[in-house]
1. So the check is Cβ under 6 Å with 6+ separation or different chains; which pairs have a first residue in segment 244-259 that's on the phi < 0 side of the Ramachandran plot and a second one that's within 11 Å of ligand 2 (Cβ to nearest atom) and in a helix (DSSP H, G or I)?
2. Among the residues of segment 50-89, write down those that are crowded, with 20+ Cβ neighbours inside 10 Å, among the hydrophobic types (A, V, I, L, M, F, W, C) and touching a residue at least 24 places away in the same chain (Cβ under 8 Å).
3. Hey, could you check segment 182-193 for residues that are free of Cβ contacts under 8 Å to residues at least 60 places away in the same chain and crowded, with 18+ Cβ neighbours inside 10 Å and say which is farthest from ALA128 (Cα to Cα)?
4. Among the candidates GLU18, GLU14, GLU38, GLU60, single out the residue that is among the charged types (D, E, K, R) and out of contact with any strand residue (DSSP E or B) (no Cβ under 9 Å at 6 or more places or on another chain).
5. Under 8 Å between Cβ atoms, which residue pairs at least 6 apart in sequence (or on different chains) link something in segment 130-145 that is without any contact (Cβ under 8 Å) to a residue 40 or more places away in the chain with a partner that is in a loop (DSSP other than H, G, I, E, B) and buried (at least 16 other Cβ atoms within 10 Å of the Cβ)?
6. In segment 228-245, what residues are under 24 Å from ARG118 (Cα atoms), within 16 Å of ligand 2 (Cβ to nearest atom) and in a helix (DSSP H, G or I)?
7. Identify, from the list ASP287, ASP239, the residue that is surrounded by fewer than 23 Cβ atoms within 10 Å (Cβ to Cβ), modelled with pLDDT of 95 or more and away from ligand 1 (no atom under 16 Å from the Cβ).
Amino acid sequence: MRVLALAGDGIGREIMPEALRIFAIVQGRCGVRAELVEGAIGTGPLMDEGNPFPAATETEARNADAVLFGAAGDPSLDHLGPKRPDSAIGALRKLLNLYGLVREYRIADAQLAMSPLRPVRARSTDFAIVREISGDVYAAQPKGQRIAEDGPFPGEVEGFDTMRYTESEVRRIAHLGFRTARARSGRLVSADKSNVLATSRLWQRVVAEVAAEYPDVALTHQLADNTAMQLVTDPASYDTILTANLFGDILSDVASALTGSIGLVASVVFNETGQVYYEPGHGSALDIAGQDKANPIAMIRCVALMLRHSFDRPDLASTVEQAIDEVLAAGLRTAEIHVDGTTLVSCSAMGKAIADRLEALL
Ligand code: NAI
Ligand code: MG
């Protein structure tokens, strides 16, 4: 197994070493065999060689069995347009043909006080969102601006996008949704807007067809706005949510907020070749970068997800997750989740505490 680690920008450089510290412990102790390669992406190679996604990284990404990605992006360089550092994210996703992003949201009892929800609502929250990430209104053409020919204000400039999915695209993500639900507790909610969108009506039909292959999974169709509401009022009722790119973008930010910090949430991203990509749910967080303040838990959870999905070691994944839960239960908190009565720790101290717990558990 070849693992490519791309720390990237901002806090990526601080959280990746903590994730690799965890991976090194597992490698040393448990017979997990992997070759670890570190590559450059984002602002570093942009400054050094004028390309945020250099050819050497492209080659390493092609050859890797699993990619651990930190973050890329610097809003002060957004004026660079197609060469901006975070353009590397899209380029990497495209290169690897990534289409399905699965993000798990869990509010452990030790996390209840971090959630903006009252504990009675937040308790037992543990669900996954399976989001299609290659298509939809973000990707489909045509899009742009033109002079409106009709509508309420003809002659004005109008912006337009195209929402589009093909049957195969929906089928592919539906299978990932059903497989994810099957590996969890077997309940799948497919969120769409079939009341108003033709794309969603196709989505609903194809998902229902795929359901026939998964008789053990209970499928419900739900309107995505209702899903947004119920995520807030009754998040514990969900197990797996399957949705398109646009709705998934919004629902996953709602879900992240429920956990109390974006620094706790990790994603696994699939293509059709079995090569898998892992990233935290957040970006480069330049407002706190270089201060050893970032929460490394999302990045460390990526290692747990990698052990589960790429190394087929769910036992080790669960042990890493247990170490995280125990450290949170002991009251350690990075700055963004620190409250009275808990212990404020740095990024590296949090990583070290989780590593120590893991060594004790193994
Ligand atoms: P962000 O996720 O980097 O930060 C949003 C807020 O959350 C900030 O206040 C930040 O301090 C906080 N935060 C994020 N991660 C944290 C952590 N681990 N611990 C503690 N606090 C944390 O999103 P933002 O500011 O919108 O974007 C910054 C840059 O990152 C942009 O250039 C954007 O394009 C890029 N970005 C990259 C992503 C990626 O690499 N996958 C995803 C999202 C944004
Ligand atoms: Mg988003």
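The values are calculated or read from the model by the stated rules, or taken from the named source; none is laboratory data. Quick caveat, the model's predicted, so the values are computed rather than measured. All Cβ positions, even for glycine, are placed from backbone atoms using ideal geometry, and neighbour counts span all protein chains on display.
1. Listed by first residue and then by second, the contacts come to ASN245/TYR138; SER256/ILE262.
2. PHE53, ALA61, ALA64, ALA66, VAL67, LEU68, PHE69, ALA71, ALA72, ALA88
3. Checked segment 182-193; the qualifying residue farthest from ALA128 (Cα to Cα) is LYS193.
4. On inspection, the qualifying residue turns out to be GLU18.
5. From residues that are without any contact (Cβ under 8 Å) to a residue 40 or more places away in the chain, the pairs are ALA140/MET163.
6. Within segment 228-245, ALA228, LEU231 meet the criteria.
7. ASP239
Let's see how each residue does on (1) modelled with pLDDT of 95 or more; (2) assigned to a loop (DSSP other than H, G, I, E, B); (3) within 16 Å of ligand 1 (Cβ to nearest atom):
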{"site": "HIS221", "(1), (2), (3)": "yes, no, no"}
{"site": "PHE247", "(1), (2), (3)": "yes, no, no"}
{"site": "HIS282", "(1), (2), (3)": "no, yes, yes"}
{"site": "GLN291", "(1), (2), (3)": "yes, yes, yes"}
{"site": "ILE300", "(1), (2), (3)": "yes, no, yes"}
{"site": "ARG308", "(1), (2), (3)": "no, no, no"}
